[in-house]
Structures are given as C-alpha cells and as structure tokens.
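The values are calculated or read from the model by the stated rules, or taken from the named source; none is laboratory data. Not measured: the values here are computed from a predicted model. A quick note on method: Cβ atoms are made from the backbone with ideal geometry, for glycine too, and the neighbour counts reach across all protein chains shown.
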Amino acid sequence: MSSIPMPTAFGGTGAQLAAWLDHCHAELVPPPSVEEQLRRAGWPPQLAAGEALRYRRRFNEHPLGYSGLLVTTGITALGAGSAGHVLATGMAAPVNRDALAIWLTVFLCALPFAVWSHVWARRVDGKDPVARWSNPRRMLAKTLLWGASIVGVLRLLIYAAQLIGVLVHATWASGASAGEGAVNVAIVVGIALPVALWAYRFLHRFDS
C-alpha cells in the first residue's frame, strides 16, 4: 500500500477532505484507519467517527449475501427457541402441537440457508478484504445483535418472573410450573446469548 497523505486538520476545506477520502478509497484503507488518522490530525473523536462512518458507506459489498446470513441466523434461532418454549409448556399442560409444527417448520426451513450463508461468509472473509468492513455487514450485524438482545432480555424477564412467582406462591403465578419456568429461562440463555455474542464478534471481527 502506498503512503497515505495526512488529512487536513479539522477546519480545512471540504475539497481537501474529499480528495483525501477519495485517495483512501482508492488505496482500500480500512475505516478504522481513516478514523485514527483524522483524530491524529486534530479532529474531535466524535466528528472523526462520523466521517469514518460516512466513508464506510462507500463500501456496499455483498448486501444480499450478508442479508441472507444475518436474517437466516436470526430466524433459525427464533424458530428453535420458540419450539423449545412450546415444548416446555408440556411440563404443565398439553403441548400445542399446531404451534410446535409451525415453529419447527420455521426452524427446519431456515437452517439450511443459515448453514450455507455461514459457509459463504467464511469464504468471503478469507478472500475479500473490502467485504470485511462492508457497510451492510456492519448494519445487519448490529440489527441482529440488538434484536437478539432485546428479545432475549424480554423473554428472560418474563420467564424469570414466572419462575420467581411460582417459588414465592404469587397469586398471579398460580397454575404455572417452576420446572417450565426454569426450562424456559435455560432456553432463552442458551439461544439468545450465543446469537448476540456471535453477532457482536461478527461485527467487530475486523475492526483493527
């Protein structure tokens, strides 16, 4: 890689900045390096981060592939977790077989696409350095991270409240099963947490 000219310090002309960013784009400089050099040139951290984010949007590699990867991963996890929750109700009442069939169908239909997408992403990561900091990759990974976190935390709170209510004999938890609550908590932690951690690592794998 050829040497990269230092950017004009904060307060310089927009034309100078645009020319430097065009040079970085031509040299395939990673967005974190752009942000670091702007900060070293005197830009406030927040403004440097914003400019690096705008620079990242120039790289729109593989939007369809990353959409398939993150969407099928999330749907597969949702189907598996929901099927597990339906089965857990069998500890206190008959299992809703219609709901179970629906969620198992979602899981089994999404799983092959998720597996293929992960194989595809591993191959792309190994041969396409630009795709590693692709804007769709970052945006979709953030979406999955927040989705898994929000759904996981909400479900965890619901089932933890159910479990605690049974243990302290709360009136609103009458008829609920402590075993069912414990199993539901384990399902949430066992699925939502690994998915969120995977999305976080996927998001930050190539930050440096």
Which fully enclosed helices (runs of 4 or more DSSP H) of the range 105-208 have 3 or more residues being at pLDDT below 90, in the same structural domain as T89 (by TED's automatic domain parsing) and in contact with an Asp or Glu (Cβ under 9 Å, 6 or more places away or on another chain)? 129-132, 135-167
Residues that are of a type in the set (S, T, N, Q) and either closer than 21 Å to H85 by Cα or under 22 Å from the mean Cα position of the chain (by Cα) (or both), drawn from the range 168-208: S174, S177, N184, S208
Taking the range 50-60 only, how many residues are touching a helix residue (DSSP H, G or I) at 6+ places or on another chain (Cβ under 8 Å) and surrounded by fewer than 17 Cβ atoms within 10 Å (Cβ to Cβ)? 4
Residues of the range 63-116 that turn out to be in contact with a Pro (Cβ under 7 Å, 6 or more places away or on another chain) and crowded, with 19+ Cβ neighbours inside 10 Å, as a count: 1
Residue that is surrounded by the most Cβ atoms within 10 Å (Cβ to Cβ) [pool: residues in the range 117-168 that are closer than 15 Å to G74 by Cα and of a type in the set (G, A, S)]: A148
Can you pull out the residues in the range 73-104 that are in a helix (DSSP H, G or I) and either among the β-branched types (V, I, T) or outside the structural domain of W198 (by TED's automatic domain parsing) (or both)? T73, I75, T76, V86, T89, I102
Return the total of residues in the range 162-197 being out of contact with any helix residue (DSSP H, G or I) (no Cβ under 8 Å at 6 or more places or on another chain) and either among the acidic types (D, E) or under 23 Å from V71 (Cβ atoms) (or both). 3
Which is closer than 22 Å to Y200 by Cα, out of contact with any Leu (no Cβ under 6 Å at 6 or more places or on another chain) and free of Cβ contacts under 8 Å to residues at least 60 places away in the same chain, of W133, W116, W103? W116
